[in-house]
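Before any comments, here is the structure.
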Amino acid sequence: MPPAHPFDDDKLREECGVFGVVGVTDAANFVALGLHALQHRGQEAGGIVSYHPDKGGFNSARRFGYVRDSFTKQSLMETLPGAVAIGHVRYSTAGSKGQTAIRDVQPFFGEFSMGGAAIAHNGNITNANALRRELIERGSIFQSSSDSECIIHLMARSLQRDIPSRMEDALRRVEGAFSVVAMTRTKLIGVRDPLGVRPLVLGKIGDGWCLSSETCALDIIGAEYVREIEPGEMVVITQENGVESQHPFRPQQPRFCIFEHVYFSRPDSIIGGRSVYETRRQIGVELAREAPVEADLVCPVPDSGTPAAIGYAAESGIPFGLGITRNQYMGRTFIEPTEQIRNMGVRLKLNVNRALIRGKRVILVDDSVVRGTTSRKIKEMILDAGAAEVHFRIASPPTAWPCFYGVDTPQREMLLAATMTEDEMCGHLGVDSLKFISLDGLYRAVGESGGRDPERPQYCDACFSGEYPVKPADMIKQGFKLKAAQ
């Protein structure tokens, strides 16, 4: 499958989104709506599993492409009856990236002696290769290339007497990042890893309950936001007993992914009691304080750069303008990307407002620079439209290290900031100036007034700092070198 925008491989991709509901009629319909709201977290494929005691027991459907293209069809949704269901949307991070087989699409299902269970996993298991080798040597037969399938096999080998206990047993063996939504015939289960790297929230809908990667998916089904699932917490939810909570893992200082604030989460979601939109606007404010420049116009690179650009304009006093327009209808099935079309590149989805740009000194605000390919093309478009100067302001620190916790990151040598200084990147992009927000500035924007604590960082910021809260065991065995200070 091609990326969501076939000509743009210059953004980090979130790995997936998970959603689950228990205690409502036709739970799969609610899950489909929730997955639609989480589509930004994964556009490659999606799946739903439901359970109905009188209509086939566990039923599943997995499809490539957008939720709207498959899980809105009545004929399909009628095959997913029941009052409990979970779902998953994905980008491929582990396994066959870009060459996903339908068997790799979650949720995964397993039949145990005490009944079946399905799981949907958001994150990445950093010791999956070692676990997989061990399980295969002991007779497990894997059906997919996904790291998440390890959890099902570990559950199958557990000697615990009920499925939640088997899941707890399995997750004790897992390293890395995981927010898991799972289901049995009567239960909805949610678990976050002890560091809380990936998000998971709890909602209430009528007499039922739901779990979601983000609060925006609760809004779409009319659910009431209750709270976040805490790092290291497991909740087991039934219609009869409500939410039962336990903390089965050794407590650790939370290290939530700071890039969720910068880019991954939708701006209308709430993270840690903070509006994602407001945090991104505040990033722009901090950026204007740290990296001022004389200019005539502050222009966002749509859509993710918009809140930061609004904050930058407000703090700097420089007018805000929509100098670039995104073609919202640029999707997977546009046309075959021939060489001639590829040469059009970013122009197929972004167009410059020439009347606004001409003769102006323009500040372009974007969320990140990964490879720099798209940034160079946008700069060229702005200059072609008659801009006098182009200044880039980036609403995150330089991305210099790969993520091993569920983000589709290029190899380190492909990251521009891993091989160039800020001045060298400025020359490479061919802009009049280039400035990134500092790591301390980013921390201030997310509510840490004292900035980043270097001894005990409040967030996972490994993609910026190279300091990994969980060492990526599989990658180290393959030769990946950690930062020298570690």
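Values in this text are rule-based calculations from the coordinates and carry no lab data. Worth saying up front: this structure is predicted, and the values here are computed from it rather than measured. Quick reminder, even Gly has a Cβ in these numbers, built from the backbone with ideal geometry, and neighbours come from all protein chains shown.
Can you work out the FRET efficiency for the pair residue 159 and residue 384, with r the C-beta to C-beta distance and R0 = 56 Å, to the nearest 0.05?
Step by step, r from the Cβ atoms, then E = 0.25.
Compute the distance in nm between two label points, each set 7 Å from the Cα along the Cα-to-Cβ direction, one at residue 419 and one at residue 112.
The modelled label-to-label distance comes out at 4.7 nm.
Let me know the charge dipole size of segment 248-304 about its Cα centre in debye, to the nearest 20, where only the beta-carbon of Lys, Arg (+1) and Asp, Glu (-1) is charged.
Once rounded to the nearest 20, the dipole reads 460 debye.
Cβ neighbours within 10 Å, averaged per peptide: list 468-480, 182-194, 40-52 in order, most packed at the top.
40-52, 182-194, 468-480
Compute the angle between helix 276-290 and the longest alpha-carbon principal axis of the chain, please, reported from 0 to 90 degrees and rounded to the nearest 10.
30
Could you point to the residue in 80, 421, 261 farthest towards the positive end of the chain's charge dipole, with +1 and -1 charges on the Cβ of Lys/Arg and Asp/Glu respectively?
80
Below 27 Å, Cα to Cα, which lysines can residue 73 reach? Residues fewer than 8 away in the same chain don't count.
Of all the lysines, those that pass the test against residue 73 - Cα under 27 Å, at least 8 places apart if same chain - are 55, 187, 204.
By how many degrees, 0 to 90 and rounded to 10, does the Cα axis of helix 128-137 deviate from the longest principal axis of the chain?
Taking Cα atoms only, the helix is inclined about 30 degrees.
Listed highest first by mean packing, meaning other Cβ atoms within 10 Å per residue, what order do 101-110, 350-359, 160-169 come in?
Packing proxy ranking, top to bottom: 101-110, 160-169, 350-359.
Using just the helices of the chain, give the 222 nm mean residue ellipticity in deg cm²/dmol: DSSP H runs with n ≥ 4 each add -39,500 (n - 2.57), and the total is spread over all residues, rounded to 500.
-7000 deg cm²/dmol
Quote the charge dipole size of the chain about the Cα centre in Debye, to the nearest 20; the model charges only the Cβ of Lys and Arg (+1) and of Asp and Glu (-1).
680
Relative contact order for segment 230-331: what is it in percent, counting Cα pairs under 8 Å that are at least 6 residues apart?
19
What is the extension gain from residue 433 to residue 68, computed as 0.36 nm multiplied by their sequence separation minus the C-alpha to C-alpha distance, in nm to one decimal?
127.3 nm
Stick to Cα atoms and the Kirkwood definition of Rh, then tell me Rg/Rh for the chain.
0.98
If I take every Cα pair under 8 Å that is 6 or more residues apart in the chain, average their sequence separation and divide by the length, what percent do I get for the relative contact order?
14
For the chain, with the dipole built from +1 on Lys and Arg beta-carbon atoms and -1 on Asp and Glu ones, taken about the Cα centre, which of 479, 397, 317 lies farthest toward the positive end?
After comparing all options, I get 479.
Express the relative contact order of segment 403-486 as a whole percentage, based on alpha carbon pairs under 8 Å and six or more residues apart in sequence.
The normalised contact order for segment 403-486 reaches 16 percent.
Calculate, in nm to one decimal, what residue 142 and residue 76 gain on full extension: separation in residues at 0.36 nm each, minus their alpha carbon distance.
Fully extending the segment from residue 142 to residue 76 adds 21.0 nm.
Under 18 Å from a point placed 7 Å out from the Cα of residue 294 along the Cα-to-Cβ direction: which residues of segment 303-320 have their backbone N that close?
Zone members listed by number: 316-319.
Among the lysines, which have Cα under 21 Å from the Cα of residue 379 when same-chain residues fewer than 8 positions away are ignored?
11, 349, 360, 435
Please work out how much length the chain gains when fully extended from residue 449 to residue 230, using 0.36 nm per residue of separation minus the C-alpha to C-alpha distance, in nm with one decimal.
76.6 nm
Rg and Dmax in Å for segment 154-240, alpha carbons only: what are they?
Computed over the Cα atoms of segment 154-240, radius of gyration and Dmax are 13.4, 40 Å.
Could you give the angle, 0 to 90 degrees to the nearest 10, between helix 373-384's Cα long axis and the longest principal axis of the Cα atoms of the chain?
40
Just round it to a whole percent: the fraction of Cα-Cα distances in segment 340-486 exceeding 26 Å.
The answer is 37 percent, as a whole percent.
Expressed in whole Å with the largest first, what are the equivalent ellipsoid semi-axes of segment 407-486 derived from the C-alpha gyration tensor as the square root of 5 times each eigenvalue?
23, 22, 10
Mind ranking 450-456, 360-366, 398-404, 203-209 by how tightly packed they are, going by the mean number of other C-beta atoms within 10 angstrom, highest first?
360-366, 398-404, 203-209, 450-456
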